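Presented below is the structure to which this report refers.
The values are calculated or read from the model by the stated rules, or taken from the named source; none is laboratory data. Values in this document were obtained by computation on a predicted structure and should not be read as measured data. Here the Cβ is made from the backbone with ideal geometry for all residues, glycine too, and neighbour counts use every protein chain on show.
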Amino acid sequence: MRRRLPAILLFFATSFASAAPTPWTEVRSPHFIVYTNAGEHDGRRVAGQFERMRSVFHTLLPGAASDNEPPITVLALKDKKSFQSIEPESYLAKGALDLAGMFLRTPDKNYILMRLDNQGEHPFSTVYHEYTHYMLRKADSFLPLWLNEGLAQFYENTEIENKEVRLGQASVNEILYLREQHLLPLATLLAVDHNSPYYHEEQKGSAFYAESWALTHYLIVNDRKNNTHMLTQYMHLVQNYEDPVVAAQHAFGDLKKLEQSLNGYISGATFSEFRMNSGFALDDSALQARPASQSEADTVRADVLVSTRRTQEAETLIEAVLRDDPKSAAAHEVMGNLRLRVNDPDGAQKWYGEAVQLGSQNYMVQFQYAMLSLRGGGHDRDAAVEASLREAIKLNPTFAPPYDSLAMFYMSRGRDLGEAHRLTVRAIENDPANMHYRMNAAAVLQQDQQPDNAVNVLKTALKIAHGAGEKTMLQGRIDSIERYKAMGETPDRALTASISERPGPVIAVESEQVTVAPAQGQSEAEARNAARITGLHNSLTESHPAHTQVELSADGKTATVDLNAEPEPANAKGVLRDVHCAGPGLTLNLEETGRNVKLFSSDLSKIAFTSASHAAIDPCKNFEGAKASVVYTPSEDANSASQIVSIELTQ
């Protein structure tokens, strides 16, 4: 991530409807699609330059990305005015950074935005910085933040010419800044994560970025000069989930000595850079150019505007496209993205559904339509949900969420549990660091009467879990399954048994009522929790949606509890931490005075979001560290997360 500037919002209106049409050209290369309003010659030049860039980065970072990835879309705009029509509004204010380009990552596409009239010292530095993050994205789960940002800054000043590439040029600004500051202790720098003030606060963030660059630059140069591999060794250690500070001690030695060497390096008079032959020749026949219609260009521009939160302008633009071409699947996709951005899930479902009917080949549209269609819990769209999830998997076999969602769909319907387990395995293979996929894999195994295998999955996950929140969540589920196992009954047998020869729970379905006798010494809450954990609650409410009651009997006393009844909502105020989005779901911790509240939602669209400051709401991007008031349904298990009802961002 590039350092963030203060967000000074300025309304910037552009009348797309009244502007004179601008001729657009599309140039396709093996890995990029360039749309430009500067003509075919510049379009070909840009496509060739980015193919050279890709070749250089794949040489430097082999194996970081696959050749099967979809092309990146480049908007190469002829001048500042064209660029300002789509860049984020925060850069339009007087005195804001004058961008020459930016890399924009969306859930299903990657965009490079650039202007062709800016030829500063490093006009593509932002693009190269973000492209480095893109190349390293598969290492996000283990790569420490200092090294992730340090590598991005190391490569951002790369210069790619026809025959030669210069990389690792020293950053004069970073050097001057560090010479005026005290370095952070390396133990502090190495431990910085996304929740750290050194990542979020402007002054501390400047120190973090500058020193991350310096340490990365020093280690790369030092390894090259001494023919050592300390940085490579460090990356192997953290890839195996060794603590970043401990890994540094093993790979780099005494951190105090390293800190002294780094200080000397920063104070030095010379800094090395690297040069390499480009070794890349692009056959002109690999570039395919054609005129692009105004509707095609405007559809791409509107999608970018949605991503940069300029939703009113995006809507004006895409409505004009749909008037001219009402059967455009791409335009329907963008309108679905727009409705989702403005928190209109019903509208998003409508537009995504129409895009699917028009033959959308966008895996994310297929996935979002399926997830939105599951809202409400009815079965009338089951066939469409299953078909769209299958299509999402077919269109992008490396995208984990539809595997997991289809597995949960089968589990909720009580069928195809073997296939559900295979799907969870594929989800984990595609995203090994996602603990929720491992939790769901265990849930499938448990419902399939394999509690021992479920526990094994969770114990494996516990070994690679990051942070106390994940570990607590996993251990809580393990403890719950172990308690269930100790009660001695499997879900299938328990559902049909009327008498038990053991002191475990006796569960018998009698019309619309279920009788559960807790084992001796077990509380009513524990018995009810065991019923929920085994999937009994889901299977019963499928058959008896009106009311499913549990009669709890112990020591001659009887109490009747409605399993469908939810606890009274609770409210808490504090700071949002450990915010994590996975598919349509959300998990986070709320830091309240004296305690942490673990919270989750399996469907973002079901949460009511408000903001006291009327700021744009994007829980996956701007919730970390925010103050909020949260209404939630408390979990009966103290070790489990509670269900989010609403979130209000407070000032």
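Some values worked out for this structure:
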| quantity | calculated |
| --- | --- |
| Selection status of residue 343, under 25 Å from residue 302 (Cβ atoms), surrounded by 15 or more Cβ atoms within 10 Å (Cβ to Cβ) and in contact with a strand residue (DSSP E or B) (Cβ under 9 Å, 6 or more places away or on another chain) | yes |
| Selection status of residue 36, more than 13 Å from residue 112 (Cβ to Cβ), touching a strand residue (DSSP E or B) at 6+ places or on another chain (Cβ under 6 Å), modelled with pLDDT of 90 or more and not basic (Lys, Arg) | no |
| Matching residues, the stretch 603-651, being among the hydroxyl-bearing types (Ser, Thr, Tyr), modelled with pLDDT of 65 or more and not in a loop (DSSP other than H, G, I, E, B) | 610, 629, 632, 633, 642, 646 |
| From 352, 410, 363, 369, residue being touching a helix residue (DSSP H, G or I) at 6+ places or on another chain (Cβ under 7 Å) and touching a residue at least 60 places away in the same chain (Cβ under 8 Å) | 363 |
| Among the candidates 165, 127, residue that is in a helix (DSSP H, G or I), β-branched (Val, Ile, Thr) and closer than 25 Å to residue 42 by Cβ | 127 |
| Subset of the stretch 40-54 (residues that are within 29 Å of the chain's Cα centre (by Cα) and of a type in the set (D, E, K, R)) | 51, 52, 54 |
| Qualifying residue in the stretch 175-190 (condition: buried (at least 21 other Cβ atoms within 10 Å of the Cβ), of a type in the set (Phe, Trp, Tyr) and part of a helix (DSSP H, G or I)) | no |
| Subset of the stretch 438-471 [touching a residue at least 40 places away in the same chain (Cβ under 8 Å) and under 25 Å from residue 412 (Cα atoms)] | 443, 446, 447, 449 |
| Single residue of 486, 468, 427, 461 found to be in a helix (DSSP H, G or I), out of contact with any Asp or Glu (no Cβ under 6 Å at 6 or more places or on another chain) and buried (at least 20 other Cβ atoms within 10 Å of the Cβ) | 461 |
| Given (1) surrounded by fewer than 21 Cβ atoms within 10 Å (Cβ to Cβ); (2) over 17 Å from residue 477 (Cα atoms), number of the condition residue 406 does not satisfy | (1) |
| Selection from the stretch 420-466 of residues that are of a type in the set (Lys, Arg) and modelled with pLDDT under 95 | 438, 459, 463 |
| Qualifying positions in the stretch 351-374 - surrounded by 17 or more Cβ atoms within 10 Å (Cβ to Cβ) and over 20 Å from the mean Cα position of the chain (by Cα) | 351, 352, 353, 354, 355, 356, 360, 373, 374 |
| Matching entry among 187, 170, 207, 251 (being closer than 30 Å to residue 579 by Cβ and at pLDDT 85 or above) | 187 |
| Tally, over the stretch 380-418, of residues that are among the polar types (S, T, N, Q), under 29 Å from residue 138 (Cα atoms) and in a helix (DSSP H, G or I) | 2 |
| The one condition in (1) in a helix (DSSP H, G or I); (2) crowded, with 20+ Cβ neighbours inside 10 Å that residue 453 fails to fulfil | (2) |
| Sole residue being part of a helix (DSSP H, G or I) and either surrounded by 13 or more Cβ atoms within 10 Å (Cβ to Cβ) or free of Cβ contacts under 8 Å to residues at least 60 places away in the same chain (or both), chosen from 282, 317 | 317 |
| Within the stretch 325-350, tally of residues that are among the charged types (D, E, K, R), assigned to a loop (DSSP other than H, G, I, E, B) and under 24 Å from the mean Cα position of the chain (by Cα) | 1 |
| Only listed residue being of a type in the set (Phe, Trp, Tyr) and over 35 Å from the mean Cα position of the chain (by Cα), chosen from 271, 280 | 271 |
